[in-house]
Amino acid sequence: MSFSGESKVKDIALSSPGARQLLEDAGVDYCCGGGKSLAEACHGGPVPAEEILQRLQEYSREVRPEAMNWTSAPLSDLTRHICERHHAYVRGAIPRIAALLNKVKSKHAATHPELTAIEALFAQTGREMIGHMQKEEQILFPYIESMERAHQGNGALEPPFFQTVSNPIRAMMNEHDSAGNLTAQIRKTSSDYAAPADACTSYRGLYGDLREFEADLHLHVHLENNILFPRAVEMESALQKRR
């Protein structure tokens, strides 16, 4: 992501939700004023263009924890990463995208009725994800972390009310399937997130946000279904063999 003071504000806004948030925080109008250069948009404003460019560079250089090898990292590190990276992202993205959906729908639903369907699908996704994350944070993840401590010889493991870790894992995987199906419906209804020709910057930004939300969900589910959950089942089996 490389920009200059001559870059159009709308191009910066469309590059990523993080870039849009930086513009928002700096008080730069990227919707109605999206056709201005960054230098023009910042002239006389509270944050100079040079500082915004610096923030954009820092954002683009951020280390992505997904590059870590989670197949061998402690399970407690992985559960913490999922909560701090993916759960936090989802909790922040849901109200932000919902508000943007409402804004775009109020202006474009007459000519693009699919926005109403997308709004309903996203609202259902949000409701399901909030409940799903609470169950992971309050029940499943604490048990996995306590199981890991017992496996390392740091205390005894209390028998869980759900009998075996496979039971909540099965429930979480079913909920993953449901969330995946909902976001797939959003993708289909939005024509693969292809904004129509008459879409404004907010409309295009909305589709970019929805695309990122789905991508984050895919990575989130991958970390759990393919790494965390199988390792937790294997660890529980190893503990049982010690008894």
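The values are calculated or read from the model by the stated rules, or taken from the named source; none is laboratory data. Being a predicted model, the structure only gives us computed values, none of them experimental. All Cβ positions, even for glycine, are placed from backbone atoms using ideal geometry, and neighbour counts span all protein chains on display.
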remark   = Filtering region 159-205 down to residues that are without any contact (Cβ under 8 Å) to a residue 60 or more places away in the chain and either among the charged types (D, E, K, R) or in contact with a Pro (Cβ under 6 Å, 6 or more places away or on another chain) (or both) yields F162, R170, E175, D177, R187, K188, D192
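Going residue by residue through region 151-163, is there one that turns out to be in a helix (DSSP H, G or I) and either out of contact with any Phe, Trp or Tyr (no Cβ under 6 Å at 6 or more places or on another chain) or in the same structural domain as R231 (by TED's automatic domain parsing) (or both)? Steps first, please.
We begin by selecting, within region 151-163, every residue in a helix (DSSP H, G or I); these are 151.
Then keep just the ones that are either out of contact with any Phe, Trp or Tyr (no Cβ under 6 Å at 6 or more places or on another chain) or in the same structural domain as R231 (by TED's automatic domain parsing) (or both); that gives 151.
Taking every residue of region 151-163 in turn, at least one turns out to be in a helix (DSSP H, G or I) and either out of contact with any Phe, Trp or Tyr (no Cβ under 6 Å at 6 or more places or on another chain) or in the same structural domain as R231 (by TED's automatic domain parsing) (or both).
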ask   = Which fully enclosed helices (runs of 4 or more DSSP H) of region 1-45 have 1 or more residues being within 18 Å of Y203 (Cα to Cα) and acidic (D, E)?
value = 9-15, 17-25
request  = Taking only region 84-129 into account, find how many residues are over 23 Å from C200 (Cα atoms) and of a type in the set (V, I, T).
outcome  = 2
ask   = Applying the selection to region 162-182, what residues are of a type in the set (V, I, T) and either modelled with pLDDT under 95 or over 22 Å from the mean Cα position of the chain (by Cα) (or both)?
value = T164, V165
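For residues in region 31-59 being touching a Ser or Thr at 6+ places or on another chain (Cβ under 6 Å) and crowded, with 21+ Cβ neighbours inside 10 Å, which is farthest from A199 (Cα to Cα)?
The selected residue is L38.
Quick check: is even one residue across region 33-52 small (G, A, S) and closer than 26 Å to M133 by Cβ? Don't jump to the end; show me each part of the working.
Of region 33-52, the ones small (G, A, S) are 33-35, 37, 39, 41, 44-45, 49.
Of the ones still in play, those that are also closer than 26 Å to M133 by Cβ are none.
Checking region 33-52: not a single residue is small (G, A, S) and closer than 26 Å to M133 by Cβ.
For region 102-131, give me each residue that is surrounded by fewer than 19 Cβ atoms within 10 Å (Cβ to Cβ), part of a helix (DSSP H, G or I) and not basic (K, R). Can you show your working first?
Filtering region 102-131 down to residues surrounded by fewer than 19 Cβ atoms within 10 Å (Cβ to Cβ) leaves 102-103, 106-107, 109-114, 116-117, 119-120, 123-124, 127-128, 130-131.
Pick out the ones that are also part of a helix (DSSP H, G or I) and you get 102-103, 106-107, 114, 116-117, 119-120, 123-124, 127-128, 130-131.
Result: N102, S106, E114, T116, A117, E119, A120, A123, Q124, E128, I130, G131.
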ask   = Would you pick out the residues in region 116-140 that are within 23 Å of L75 (Cβ to Cβ) and of a type in the set (K, R)?
value = K135
query = Which condition breaks for I186 when tested against (1) in contact with a Ser or Thr (Cβ under 9 Å, 6 or more places away or on another chain); (2) surrounded by fewer than 18 Cβ atoms within 10 Å (Cβ to Cβ)?
reply = (2)
Odd one out for E145 among (1) touching a helix residue (DSSP H, G or I) at 6+ places or on another chain (Cβ under 6 Å); (2) in a helix (DSSP H, G or I); (3) farther than 19 Å from I227 by Cα = (3)
ask   = Going by the structure shown, is N225 in contact with a His (Cβ under 7 Å, 6 or more places away or on another chain), free of Cβ contacts under 8 Å to residues at least 60 places away in the same chain and surrounded by fewer than 17 Cβ atoms within 10 Å (Cβ to Cβ)?
value = yes
query = Which ones in region 186-206 are touching a helix residue (DSSP H, G or I) at 6+ places or on another chain (Cβ under 9 Å) and in a helix (DSSP H, G or I)?
reply = I186, R187, T189, T201, S202, Y203, R204, G205, L206
request  = Scan region 70-101 for residues that are within 21 Å of the chain's Cα centre (by Cα), of a type outside the set (K, R) and surrounded by 13 or more Cβ atoms within 10 Å (Cβ to Cβ) and report the count.
outcome  = 19
